[in-house]
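Participant: I'd like to ask some things about the structure below.
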Amino acid sequence: MNHVRTRPSSILCIVAFVSAAGISACGPAGEEDDDSVATEQESAAATSWPCYNPQPGHPTATEKASFIGNNIWAAQDAERRYGVPAAALLAMAANEGGYGFTRTSLYANNSFGWKYFGAESAGGRSAYTLACQPSWDVGNQYVAFKSIAEGILFVGRKLGSLPSYSADAKRYVADRRAGVDVVTAVNRFIDGIAEPYNYDPVKYRKTIKRHANDYMNPSDVRSSTTSLYQYSAAIAYSP
């Protein structure tokens, strides 16, 4: 997680991975102890696979497109339910979870590095332990989801309801209803959540906007075909 994360004293202590890529993928199937299997795999790959990075060799362009395509519906559902822009959620998941190829994405379907603070806050879900996490990074347990999409909906609900972020979600909805263009509205949301969400808000704002501009090749220039803003633009808001 070469990362962008809130400090341990933060209310959420969220992880955000520095620009990476990959496809949505589940952990090893058919094992009696998935966590131990994941730990063994992590140990074997430790020298060639830095703890917070995507799995070596990933993502390909096809995997990037698959990750976004498979999860558009979840991000848009989260926007409709919680007022958190789909474009931002997809950009955050792609960046922070390596398009599905970081360890937390592969083994826990957790593309946001959302930490585990107990069953109640995790909605009854279990925890995944990132065994390779260095000691300076406090808290190596993360919420385990059944799918990448479930994680997107979970984080959408959290960002739409937690005090640190809910005002930004409400402002986004108000902006859209007032006719503010979708790029401006989404970027205002990203700007608003960056400081409580990330310990390097200046860098985080830029990184997430670059992914929103072009998820295939993150850039300061907005793509006419692979921009994530289009998925929020497709959702209509009444005045």
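Participant: Give all pairs with beta carbons closer than 6 Å in which a residue from the stretch 150-169 that is modelled with pLDDT of 95 or more meets a residue that is hydroxyl-bearing (Ser, Thr, Tyr); count only pairs at least 6 apart in sequence or on separate chains.
Facilitator: Going by the 6 Å Cβ cut-off, the qualifying pairs are Gly151/Ser111; Gly156/Tyr82; Arg157/Tyr82; Leu159/Tyr165; Gly160/Tyr82.
Participant: Looking only at the stretch 73-84, decide whether some residue is assigned to a loop (DSSP other than H, G, I, E, B), modelled with pLDDT of 95 or more and closer than 28 Å to Arg188 by Cα. Walk me through it before giving the result.
Facilitator: Step one: of the stretch 73-84, the residues assigned to a loop (DSSP other than H, G, I, E, B) are 83-84.
Still in the running and modelled with pLDDT of 95 or more: 83-84.
Add one more test, that the residue is closer than 28 Å to Arg188 by Cα, and what stays is 83-84.
For the stretch 73-84, residues assigned to a loop (DSSP other than H, G, I, E, B), modelled with pLDDT of 95 or more and closer than 28 Å to Arg188 by Cα: present.
Participant: Shifting gears a bit: Which members of the stretch 199-218 meet the condition of being surrounded by fewer than 15 Cβ atoms within 10 Å (Cβ to Cβ) and among the small types (Gly, Ala, Ser)?
Facilitator: Within the stretch 199-218, no residue meets the criteria.
Participant: Just wondering, is there one or more residues in the stretch 121-136 that are in a helix (DSSP H, G or I) and either out of contact with any helix residue (DSSP H, G or I) (no Cβ under 8 Å at 6 or more places or on another chain) or surrounded by 24 or more Cβ atoms within 10 Å (Cβ to Cβ) (or both)?
Facilitator: no
Participant: Considering (1) modelled with pLDDT of 95 or more; (2) under 22 Å from Asn213 (Cα atoms), say which one Tyr107 fails and leave the rest.
Facilitator: The failed condition is (2).
Participant: Something else about it: Test each condition in (1) at pLDDT 95 or above; (2) surrounded by fewer than 16 Cβ atoms within 10 Å (Cβ to Cβ) for Val143 and report the one that comes out false.
Facilitator: (2)
Participant: Let me ask another. Return the residue satisfying two criteria in turn: it lies in the stretch 153-198 and is of a type outside the set (A, V, I, L, M) and not in a helix (DSSP H, G or I), and of such residues it is surrounded by the most Cβ atoms within 10 Å (Cβ to Cβ).
Facilitator: Across the stretch 153-198, the extreme among qualifying residues is Asn198.
Participant: Moving on to the next point. Could you list, in sequence order, the residues of the stretch 137-149 that are assigned to a loop (DSSP other than H, G, I, E, B), in contact (Cβ under 8 Å) with a residue 24 or more places away in the chain and touching a strand residue (DSSP E or B) at 6+ places or on another chain (Cβ under 7 Å)?
Facilitator: Let us first name the residues in the stretch 137-149 that are assigned to a loop (DSSP other than H, G, I, E, B), namely 137-140, 144-147.
Keeping just the survivors that are in contact (Cβ under 8 Å) with a residue 24 or more places away in the chain gives 137-139, 144-147.
Across the stretch 137-149, the qualifying residues are Gly139, Ala144.
Participant: OK, next. Mind counting the residues in the stretch 180-200 that are at pLDDT below 95 and of a type in the set (Val, Ile, Thr)?
Facilitator: Residues meeting the conditions: 0.
Participant: Looking at Tyr107, Tyr99, can you tell me which residue is in contact (Cβ under 8 Å) with a residue 40 or more places away in the chain, touching a strand residue (DSSP E or B) at 6+ places or on another chain (Cβ under 9 Å) and in a helix (DSSP H, G or I)?
Facilitator: Step by step, each of Tyr107, Tyr99 is checked, and only Tyr107 is in contact (Cβ under 8 Å) with a residue 40 or more places away in the chain, touching a strand residue (DSSP E or B) at 6+ places or on another chain (Cβ under 9 Å) and in a helix (DSSP H, G or I).
The values are calculated or read from the model by the stated rules, or taken from the named source; none is laboratory data. Since we're looking at a predicted model, the values are computed, not measured. FYI the Cβ positions are ideal-geometry reconstructions off the backbone, even for glycines, and counts take in every protein chain you see.
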